1. Taking mean projected area of the Cα convex hull in nm² as the quantity of interest, determine which of (1) 14.0; (2) 12.4; (3) 17.7 was computed from the displayed structure.
2. Given Cβ point charges of +1 (Lys, Arg) and -1 (Asp, Glu) and nothing else, what value in debye, to the nearest 20, does the dipole of the chain about its Cα centre take?
3. Gain in length, GLU172 to GLU249, computed as 0.36 nm per residue apart minus the alpha-carbon separation, to one decimal in nm?
4. Past 28 Å, Cα to Cα: identify those pairs from LYS32/LYS139; LYS113/LYS234; LYS18/LYS113; LYS36/LYS168; LYS33/LYS113, in the order given.
5. Give me the Å³ per residue figure for the convex hull around the C-alpha atoms of the range 120-251.
6. Check which residues have an amide H placed less than 5 Å from GLN153's amide H, if you skip close sequence neighbours.
7. Taking +1 at the Cβ of each Lys and Arg and -1 at the Cβ of each Asp and Glu, which of PHE26, SER69, PRO191 sits farthest along the dipole of the chain towards its positive end, judged by Cα position relative to the Cα centre?
8. To the nearest 500 deg cm²/dmol, what mean residue ellipticity at 222 nm is calculated for the chain from DSSP H runs of n ≥ 4 alone, each contributing -39,500 (n - 2.57), summed and divided by the residues?
Amino acid sequence: MSRIESFKQALAEKRAVKIIAGIDNFNTENVKKVVKAASNSGASAIDICANPDIIAMARSITDLPLFVSSIEPLELAHAIALGADAVELGNFDALYKKGQTFTAAQVLALARKTRELVGDDIFLSVTIPGELEISEQIKLARDLETLGVDLIQTEGHFSNEAPSNGVKGLLERAELTISNTIELTRNIDIPVMTATGINPTTAALAFAAGASAIGCGSCVNKLDSEISMLAVSKSLVEIAERNAQYIVELV
């Protein structure tokens, strides 16, 4: 089974876990730790930036399906040539920090260009901006489905404000992306990955909302050591496996 086929199987079984190093994370040593932790934990995929050196490094140390994230279609096309298994148009949080925003029309145009450049056979995931009104998100998701996008990734609200303390803060950060997941899974047939604020406390809520996958970034890549990254990644994988088992028991 090819790397991307193994990821598709995890999606179908609603147990996919993508560990995200970060669209703007060019720290080679940090990315290396994230990649190793994801690989050793049994995660379904790793998501990295479009830097050629980081792509080469990641490809040399893992057999996990490798996603590359960018908002530049040409960068995504180049990433496939460098060894990426899939491309992700989005992970916009890092760009919001710079004051950039994206309309539904802009995202759709970028997705069309990306599909044109990478071809129909390459796995394409697209993030839907969480700040869009839900009616716009649903329409965009349907348009992306018609375009042949393979996976929709949700996101929540970006804020520079400090979150509340404890579990309350974790839930607040994930609330919007989980509600977006519920709305989108009701309106499209392609799989949905829930991202933004997803961690061992909120992951089960994302799967309960209908997600086929979770995308987990800061709860792993902000940690100091590979051991702690591995522990969190394993916890996320265990939650995903329990969800898959629950689905089987329901059937």
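1. Here mean projected area of the Cα convex hull in nm² agrees with entry (2).
2. The dipole of the chain has a size of about 340 debye.
3. 24.6 nm
4. Listed pairs above 28 Å: LYS32/LYS139; LYS113/LYS234; LYS36/LYS168; LYS33/LYS113.
5. Values: hull volume 17.1 nm³, N = 132.
Here the figure is 130 Å³ per residue.
6. Amide H neighbours of GLN153: VAL126, THR127, ILE128, MET193.
7. Towards the positive end, the residue furthest out is PHE26.
8. Computed mean residue ellipticity for the chain: -16000 deg cm²/dmol.
Just so you know, all these numbers are worked out from the coordinates, no wet-lab data involved. Computed from a prediction, not measured in an experiment: that's the story for all the values here. Note that we place each Cβ from the backbone using ideal geometry, even for glycine, and neighbour counts take in every protein chain shown.
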